[in-house]
Amino acid sequence: MGQDMTKGNPLQLIIQFTIPMLLGNIFQQFYSMADTYIVSQTLGVEAFTAVGATGSITFLILGLAAGLTAGLSVVTAQYFGKKDHQGLRRSLAAGTIISAVVALLLTIFATRYTREILVFMKTPASLIDNAHAYLSVVFSGTAASVFYNLLSNMMRAIGDSKTPLLFLAVASVVNIILDYVFILVFHTGVEGAGYATVFSQMIATIFCLIYIYKKIPILRIHKEDWKLTRKEIAHHLQIGLPMGFQSSIIAIGTMSIQVTLNGLGATAVAATTAAEKINGIATMPLQSFGITMATYTAQNFGAGKLDRIWDGVQKITRVVLIYSFVMGTVLIFFGRKFATIFVGSENQAILDHVETYFLTNATFYFLLAMLFIYRYTLQGLGKSTAPTAAGIMELLSRIIAAIVLSQSFGYLGVSLAGPLAWLGALIPLMGSYYLTKRALTKDIPTQTVDEKKPFFPYPLHSLSKLLPKFAK
């Protein structure tokens, strides 16, 4: 039914929880990789590049929804840590209502302004029609993505990271099959890749709903749970919206880079598209460990077990640093070879750019590793200011790379956007984490919350004196 992460060996629990989620995240990447690979093999490099040019726009819209639902699940995980099952069900009800409204608004906005956004981003004329066709289909299915993310995050909030993996595995197979069916049988072009993605996400969502109804009674919403107060909705929005906006802020920075890439030509776009597919898989373990820390932290914070949080952060940081150095070395030497899967070995100009991308990005994976751990730990504690500030720093760093460095160094300058963004974001996150840790550890005794104690066991007046505004 779930896993209580407030008891047992912290590192072992974190790793056990992360492995299924990592595989699930890889399957999500596989969605995108399958689309682009099949498009490149069946429709050609130009269609492949057009789909690749949509990545930052998709991240802007669907990333906001993913961040929002992750934030909503933090509240749920805190209730689970407290063993408050009624609060947990009401949390899911609040998340469902908020997600429905957000899905509707995003669908209307995205489907209405897709072409305008592509034009604003200076998408090459040869790519814009295919890119618009693909995005129109994907954004029409925004609700499927929103609700899959909501339900899977809620299951992870109670410690179940295996079930979402199973559903994604099935959906990914369906996605691949439908890619070929729509493109080769029905000749729907790039729209077919979009249809395959939307339908496979719908299947994953339906599976989540059925499983929750039949197997997870603590997430089965009762009639009275829908009678939510404004305070409950506001509490969920207070954590969910900042996490959604953080994703959007990062996406805007990514879009600024895409605008620059579009200006550099199709070769630069194709190289970045191929490199980012590989980069997404390589950095997925870092992100997965980070997401795990949000659930781990939220459950232990709800239970009042602060020492377990700090211990878990310390131990998992060592693991991700080792991984970042190993994987970074692999991609520096073999990233060019991996990219031939997408663009072929004959496109040497594209592969030269790919090599530059990995030399500048893979070298600094250790910054990204720490960024994920600190960001998600703070989110698990319910902190939103520092992660939002980190998102703004990422945005500014990417804009500087797009406007300034690209003018002087061309593609090399654009490739430096990632490492600069990671460094800029890491500074406020590290500062906030250690200030928060010092304040909570020094001045507030660690205690275990039982059923009779309030949801937040620490006096608010003492926190207002102890915590610096930056760490709130």
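Quick notes
- Over the range 210-328: Rg over Rh, Cα atoms, Kirkwood Rh: 1.09
- Nearest-0.05 FRET efficiency for residue 442 and residue 173, computed from C-beta distance (R0 41 Å): 0.20
- For the range 222-238, backbone phi angles converted through the Karplus equation (6.51, -1.76, 1.60; θ = phi - 60°) give residue-by-residue couplings of 8, 4, 6, 5, 6, 7, 8, 8, 4, 5, 5, 4, 4, 4, 5, 5, 4 Hz, Gly and Pro being listed as x.
- Stretch in the chain that is longest and holds no GluC sites (Glu not before Pro) that DSSP places in a loop and that have at most 13 other beta carbons within 10 Å: 1-345
- The chain, relative contact order [Cα under 8 Å, separation at least 6], %: 23
- Every helix of 4 or more DSSP H residues in the chain counts as -39500 (n - 2.57), and over all residues that averages to -28000 deg cm²/dmol at 222 nm.
- Potential extension, residue 314-residue 83 segment - 0.36 nm per residue separation minus Cα distance: 80.5 nm
- Here's the list of aspartates and glutamates a cross-link from residue 215 could span, going by alpha-carbon distance under 14 Å and ignoring same-chain residues fewer than 8 apart: 160.
- Calculated on C-alpha atoms, the gyration radius of the range 323-376 divided by its Kirkwood radius gives an Rg/Rh of 1.09.
- Members of 7/315; 383/442; 277/315; 82/162; 162/214; 231/437 lying beyond 20 Å, as alpha-carbon distances in this model show: 277/315; 82/162; 231/437
- Percent of Cα pairs exceeding the 21 Å cut-off, where the set is the range 29-160: 49
- 0 to 90° range, to nearest 10: angle between helix 55-82 axis and the chain longest Cα axis: 20
- Residues in the chain average 40 Å² of solvent-accessible surface per residue, probe 1.4 Å, ligands and nucleic acids excluded.
- Stretching residue 423 away from residue 218 to a fully extended chain increases their span by 69.7 nm, per 0.36 nm per residue minus the current alpha-carbon distance.
- Rounded tilt (10° steps) of 365-380 against the dominant C-alpha axis of the chain: 40
- In this calculation the C-beta distance from residue 136 to residue 363 is compared with R0 = 35 Å, giving a FRET efficiency of 0.35.
- With contacts taken as Cα pairs under 8 Å and at least 6 residues apart, the range 154-289 reaches a relative contact order of 13 percent.
- Angle of helix 142-157 to the longest C-alpha principal axis of the chain, folded into 0 to 90 degrees and rounded to 10: 40°.
- Rolling a 1.4 angstrom probe over the chain with all protein chains present gives an accessible area of which 67% lies on carbon and sulfur atoms.
- For the chain, the percent of C-alpha pairs falling in each 20 Å distance bin, counted from 0 to the bin holding the largest distance, reads 25, 58, 17, 0.
The values are calculated or read from the model by the stated rules, or taken from the named source; none is laboratory data. Please read all numbers here as calculations on a predicted model, not as lab measurements. Cβ atoms come from the backbone with ideal geometry, glycine included; neighbour counts cover every protein chain shown. Accessible surface is based on the protein model in full, side chains and every heavy atom, while ligands, DNA and RNA are left aside. Shrake-Rupley method; radii C 1.70, N 1.55, O 1.52, S 1.80 Å.
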